[in-house]
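The values are calculated or read from the model by the stated rules, or taken from the named source; none is laboratory data. Note that the coordinates shown come from a computational prediction; the quantities given were computed from them, not determined experimentally. Note that each Cβ is placed from the backbone with ideal geometry, even for glycine, and that neighbours are counted across all protein chains shown. To get the accessible areas, we keep the full protein, side chains included, count just its heavy atoms, and leave off ligands, DNA and RNA. Shrake-Rupley method; radii C 1.70, N 1.55, O 1.52, S 1.80 Å.
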Amino acid sequence: MLFVSIRELEAAINYWRSRSPAVGEELHLCPEAAALAKPYALMIVQGAQRVPMDVLDEMAKVAIQTFLKITHTN
């Protein structure tokens, strides 16, 4: 089973936010950052350091996998 760490989630959220900053008066996050923010917040509340990849929804999986692919090949 593959896991993603809280540090990786935080870095991925920051990556997506830098690529597509929050917009509007409500400062809506881009879809990728929003999808990753949910499991990130749960991990903080639960005190978890990592989460199984298979508990992420499809949008969060794509966002984290894309981030990891881009940042680990550069």
Computed label-point distance, nm, for sites Phe3 and Leu42 using a 7 Å Cα→Cβ extension
1.6 nm
If one compares the long axis through the Cα atoms of helix 6-19 with the longest principal axis of the Cα atoms of the chain, the angle in degrees, nearest 10, works out at 20 degrees
Here the FRET efficiency for Glu26 versus Arg50, based on Cβ atoms and R0 = 25 Å and rounded to 0.05, is 0.25
Peptide ranges 4-14, 49-59 listed from the most packed, as the mean C-beta count within 10 angstrom indicates:
4-14, 49-59
Of Val4, Gln46, Leu29, farthest towards positive along the dipole that unit charges on Lys, Arg, Asp, Glu beta carbons give the chain:
Val4
How many percent of the accessible area of the chain is carbon or sulfur, using a 1.4 Å probe?
57 percent
What ³J(HN,Hα) values, in whole Hz, does the Karplus curve 6.51 cos²θ - 1.76 cosθ + 1.60 give for region 43-58 when θ = phi - 60°, with x put for Gly and Pro?
5, 5, 4, 7, x, 7, 9, 8, 9, x, 4, 6, 8, 6, 6, 4
What's the magnitude of the charge dipole for the chain around its Cα centre, counting Lys and Arg as +1 and Asp and Glu as -1 at the beta-carbon? Answer in Debye, nearest 20.
260 debye
Rounded to whole Å², per residue accessible area for the chain with a 1.4 Å probe reads 68 Å²
Starting from the 7 Å offset along Cα-to-Cβ, what nm value, one decimal, do you get for the label separation of Val62 and Ser18?
2.3 nm
One can check that the equivalent ellipsoid of the chain, built from the alpha-carbon gyration tensor with semi-axes equal to the square roots of five times its eigenvalues, has lengths in Å, largest first, of 19, 15, 10
